[in-house]
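We did not get these values from a lab; they are worked out from the coordinates using the rules stated. Worth saying up front: this structure is predicted, and the values here are computed from it rather than measured. With ideal geometry, Cβ positions are generated from the backbone for all residues, glycine too; neighbour counts draw on all protein chains shown.
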Amino acid sequence: MAGSVVTADAAVLVDTDSRWALESRGLPSPHVRHLDVARAAHAALWRSGIGCDIAAPDADLSRYRLVVVPAVYVLTDAAAATLRRYTDGGGHLVVTFCSGIADESHRIRIGGYPGALRDILGIRAEEFHPLPPGTTARLSAATPTGAHGNLWTERLRAEGAEILARYADGVLAGLPAITRHCYGTGTAWYLSTLPDDDALDALLLEAASAAGVRPALPGAPPGVCVTRRHGNGARSWLFAVNHSDRAATLPAVGVDLITGREVTGTLELPPHGVAVIRDA
């Protein structure tokens, strides 16, 4: 496996300045934390079997098919331009609330929220409605039954974007909650709230599927982490880790390098078991 690499088609952006800015005083909610939202996005992709990189907002994103922007509150003009080029060139972008609000000097961008990304997203947030701890906002349409939002909501107006889900009750009832917008040859989703795990899984899986991002091993059961490493030639290796307390069955063909056994179509992985399959 010398020289083998793991390639990811998705990335979640993490930004130190946004982390510190959202934890400072004077913001609409003391409960929104950049890393918490980033972890939620990463966990949703993991549960769907989709590996992802962690990248900076101003990194070269051209190699990724899907990029998630999780509460990246501080966004430089250069980083905003990178995201604009990425989406315009065919990328698939998922942006959450509290993104693109301030510049690198922590100055609020004027012209409506999210100031740096409104044109990409085709929306305008007119008012913030943070949710107190322990409260949720019900969502309707295009989300799993019983879906709800956590942590944050917004009075949102679609300006060209398609509305995928609306708020189902409260002062925002009937208003957009989740949108999708075509920009250039790409697509940008906007989440004005943090959906519950099932809804977030479904939304990110839909975005990933639209972007052509597939799990490393389609059909892997929940709780099993699967990564594929590729060598210089056609050969690849499948790493499988069962994080659950239940035995798991995976489709695989090759040789288990840990046990030396031939795998002829089905791999039985015990609870907390590990396997490394050299593909046939």
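What net charge do the residues around Ser192 carry, taking every other residue with its C-beta under 12 Å from that of Ser192, with Lys and Arg at +1 and Asp and Glu at -1?
So the surrounding residues net to +1.
Output ³J(HN,Hα) for segment 221-231: one whole-Hz value per residue in order, computed from phi by the Karplus curve 6.51 cos²θ - 1.76 cosθ + 1.60 with θ = phi - 60°, and x for Gly and Pro.
Each residue's phi maps through the Karplus curve to give x, x, x, 9, 8, 10, 10, 10, 9, 10, x Hz.
Report relative contact order for segment 26-163 in percent, whole number only (criteria: Cα-Cα under 8 Å, sequence separation at least 6).
Here the relative contact order equals 19 percent.
Could you tally the net charge around Asp256, taking each other residue with its Cβ under 11 Å from the Cβ of Asp256, Lys/Arg +1 and Asp/Glu -1?
Here the charged neighbours net out to 0.
Taking the dipole about the Cα centre of the chain, with the C-beta of Lys and Arg at +1 and of Asp and Glu at -1, give me whichever of Ala177, Leu35, Ala216 is farthest to the positive side.
Looking along the dipole axis, the top candidate is Ala216.
I want the local charge near Asp36. Using Cβ-Cβ distances under 12 Å, sum +1 for each Lys or Arg and -1 for each Asp or Glu among the other residues.
Value of the local net charge: +2.
If you place +1 on the Cβ of every Lys and Arg, -1 on the Cβ of every Asp and Glu, and leave all else neutral, what size is the dipole of segment 121-261 about its Cα centre, to the nearest 20 Debye?
580 debye
For Arg63, project a label point 7 Å along Cα to C-beta. Then give me every residue of segment 205-242 with its amide nitrogen under 17 Å of that point.
213-214, 228-233
Under a plain spin-label model, where a point goes 7 Å from the Cα along Cα-to-Cβ, how far apart in nm are His243 and Ile258?
Inter-label distance under the simple model: 1.6 nm.
In whole Å, how far is the Cα centre of segment 228-280 from that of segment 150-219?
34 Å
How high is the relative contact order of the chain? Use alpha-carbon pairs under 8 Å, at least six apart in sequence, and give a whole percent.
In percent, rounded to a whole number, it is 17.
As I understand it, the value is the acute angle between the Cα axis of helix 77-88 and the longest principal axis of the Cα atoms of the chain; what does it come to in degrees, rounded to 10?
Taking Cα atoms only, the helix is inclined about 60 degrees.
Nearest 10 degrees, 0 to 90: what angle lies between the long axis of helix 197-211 and the longest principal axis of the chain (Cα atoms)?
That works out to roughly 80 degrees.
For every helix of n ≥ 4 consecutive DSSP H residues, a contribution of -39,500 (n - 2.57) applies; sum these over the chain, divide by its total residues, and give [θ] at 222 nm rounded to the nearest 500 deg cm²/dmol.
Helix-only estimate at 222 nm: -5500 deg cm²/dmol.
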